[in-house]
Each structure stands twice: as C-alpha cells, then as structure tokens.
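Undergrad: Before I ask anything, here is the structure I am working with.
Readers should treat all values here as calculations from the given coordinates under stated rules, not as data from a laboratory. Being a predicted model, the structure only gives us computed values, none of them experimental. Here the Cβ is made from the backbone with ideal geometry for all residues, glycine too, and neighbour counts use every protein chain on show.
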Amino acid sequence: MLPIRYIEPVFRPPSEAESLILPVTDGCSWNHCTFCDMYTAPQKKFRAREEAEVIDSLRLTGERYGERIRRVFLADGDALALPTRRLLAILAAIRTHLPAVRRISSYCLPRNLRKKSPDEMSELAAAGLSMAYVGAESGDDAVLDKVNKGETFESTCVALEKLGAAGISRSVMILNGLGGGVLSPQHAENSARLANATQPEYLATLVVSLPQGEARFRAAFPEWEPLDQRGLFAEMEHFLSALELQRTVFRSDHASNWLILKGTLGADKERLLAEVRSAIAAPATARLRPAWARGL
C-alpha cells in the first residue's frame, strides 16, 4: 500500500517531475476557470485534507524512502488555501520526516493570499516554502473576465509582490492564445506588463488547449476563435517584444507549445525573438514540435 492516498487524476508542474507529490487539499477552491478541466471530475471536489492524515503520510513516506526525497510539491490545485497554521504544521512535519528535502513548492491562486499578511508569508518562507506556481494566464482584465478567472491584473500583481517580498520564488504561467484572435494584442501587451511590474524569477508560456471540448469555454466567450500556428507565434513575438525583465528564467517548452523556447530574460531576449521571427517567416524549416507530440 502507498503511504500517500492519491485521488486521480494528479497534476503537477513539469519541473516537479521528480518531486514527491503530497496532497494537502483535493481539487481547486475556485474551479470556475472555463479553460481548465483539471479538477472538474466528481472525485475532485474541493476539500482540505485532515492534518493528521497529511502528517501520517509524511511519517510513513519518511520511514520508507528516508533520505532519498529532495523535493516536495504540495498538491492539489491550491495548497495555499489552507490556513497558515496548518501549512506551518505540514512544513514542520516535512522537516521532521523528510530531512533531506531542499525545496517545497505549491500552486498558488492569487485570491488565496488576500487574507495572508506579509508576516505570515515570511513565516511560510522561513518554514521551507520556497516556490509558488502562479497561473496568471493573462494580465489583461478583459481576457480574465471572459474566462472567469476570478482575478484581475491588480489582484495577481499584489499576490506576486507579496510572494516576492517574503522571499518565495514565483513561477508565472501565461496562456498563449487565451484571448483568441479578437483580444490577442491586449492579451500579449498586458501579460508582458504584469511580468514587467513583478519581475518573477520564472516565466512560462503554454498554449491554451481544451482537450475535453470547447462548449464550456465558448459559453462565456462566444466570440473566441483559436489562433492558428502563425497567430500563436505572432502573439509570442508581441509578448516577448514588450517584456522588460532583468533576470527571469523563461521557458516555453510545455507539450502544448509548437515552438520550444528557453532562455533568460533579458539576456536572451533578442535570440528568442529571432527564433520566433524565423518560425513566422519559414515554419517549414523551423524546429517545431510535431503535431502528434502535442497531445495532452
């Protein structure tokens, strides 16, 4: 028997592939974003796991795997929805039972930081929370409203600044193509404005995909039309051109992306732009991910 109880499907960021996935909640406390099907299954209804269960899972995992675990990802969709006291108890248990752990991370909805004070965030950082993955999706309020994100440019900016001030690294995700053709220019421009204002340590782009169909998405955004490959590249060029980042690790290498881009902004901005422009000018000779490899 596994020492941790999992409820399928289980999600985590690509960079957490070798981490211990530790569910401290099930599902997502918001779960109204029309582009996201991650937590819509009936068995993924949001609930906080009992503290005793989480700590017992850590104890059993420590007994079985001991010093082998170096990273822990707190699942599911937004562990930071938990009260600070409970999070601190979980972080303390990780230190006790998994003493070799060097990085603890979590997804983070900006809304879940509204009631957490700067002192609470500093406590969480001191207790070991070192990275938060923030699915900003867009910096444009019109796009955010259309997809029922429940956030704004301002609310996301405040959350990112609160994390940064506490010394918690921010990994921000933007969805290429989320605004469709009609809102693409402002989606690119304002998403770059969000990144410029907050200077996150990590920035990633994924291509919007709707593997379970478009009905729920189009019900709230009927005028949306997906960008074709060239349109996605053009939006990426607009986004990259508007970025003014000092030292942000940039990745556009998720399975959904046609064009794989990796670099540090701003040092590699011109090279990345050149790669995008080359793909726009000559897609037939660009090093693109084949369509069969983009399945999610």
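Undergrad: Could you list K162, K146 in order of exposure, starting from the residue whose Cβ has the fewest other Cβ atoms within 10 Å?
TA: K162, K146
Undergrad: Another question, if that's okay. Compute, for the stretch 14-289, the length of the dipole vector about the Cα centre, with Cβ point charges of +1 (Lys, Arg) and -1 (Asp, Glu) only. Units Debye, rounded to 20.
TA: 680
Undergrad: Please build a GNM for the chain, connecting alpha carbons under 10 Å apart, and tell me which residue among A219, A282, A125 fluctuates the most.
TA: Its mean-square fluctuation being the largest, the pick is A282.
Undergrad: Output the pairs from K45/K115; K44/K149; K149/K269; K44/K262 with a Cα-Cα distance over 26 Å in this structure; if there are none, say none.
TA: Table pairs above 26 Å Cα-Cα are K149/K269; K44/K262.
Undergrad: Express the relative contact order of the stretch 14-289 as a whole percentage, based on alpha carbon pairs under 8 Å and six or more residues apart in sequence.
TA: About 14 percent, as a whole number.
Undergrad: Would you mind checking the tilt of helix 269-281 against the longest principal axis of the Cα atoms of the chain, expressed as 0 to 90 degrees and rounded to 10?
TA: Once rounded, the angle reads 50 degrees.
Undergrad: Can you give me the long-range amide H partners of G263? Hydrogens built in the peptide plane at 1.01 Å from N, cutoff under 5 Å, separation of 5 or more residues or another chain.
TA: F250
Undergrad: Let me ask another. Taking +1 at the Cβ of each Lys and Arg and -1 at the Cβ of each Asp and Glu, which of A282, L194, V172 sits farthest along the dipole of the chain towards its positive end, judged by Cα position relative to the Cα centre?
TA: V172
Undergrad: On to the next question. Given just the C-alpha atoms of the stretch 176-296, how large is their convex hull per residue in cubic angstrom?
TA: 105
Undergrad: Are there GluC sites (Glu not before Pro) in the stretch 1-102 that DSSP marks as loop and that have at most 11 other Cβ atoms within 10 Å, and which are they?
TA: Here the GluC sites (Glu not before Pro) that fit, given the DSSP loop and packing criteria, are E18, E50.
Undergrad: Say the dipole of the stretch 101-142 comes from +1 at the beta carbon of Lys and Arg and -1 at that of Asp and Glu; which of V101, Y133, P118 then lies farthest toward its positive end?
TA: V101
Undergrad: Enumerate the whole-percent occupancy of each 10 Å bin, from 0 to the last occupied one, for all C-alpha pair distances of the chain.
TA: All Cα pairs considered, the percentages come to 6, 27, 34, 23, 9, 1.
Undergrad: Trypsin sites (Lys or Arg not before Pro), restricted to the stretch 66-106: which are DSSP loop and have at most 14 other Cβ atoms within 10 Å?
TA: Here the trypsin sites (Lys or Arg not before Pro) that fit, given the DSSP loop and packing criteria, are R70, R102.
Undergrad: Which of the trypsin sites (Lys or Arg not before Pro) found in the stretch 229-296 are in a DSSP loop and have at most 10 neighbouring Cβ atoms, other than their own, within 10 Å?
TA: Those satisfying the criteria are R247, R287.
Undergrad: Rounded to the nearest angstrom and ordered from largest down, what semi-axes does the equivalent ellipsoid of the stretch 41-178 get from its C-alpha gyration tensor (root of 5λ)?
TA: Values for the stretch 41-178, descending: 28, 17, 14 Å.
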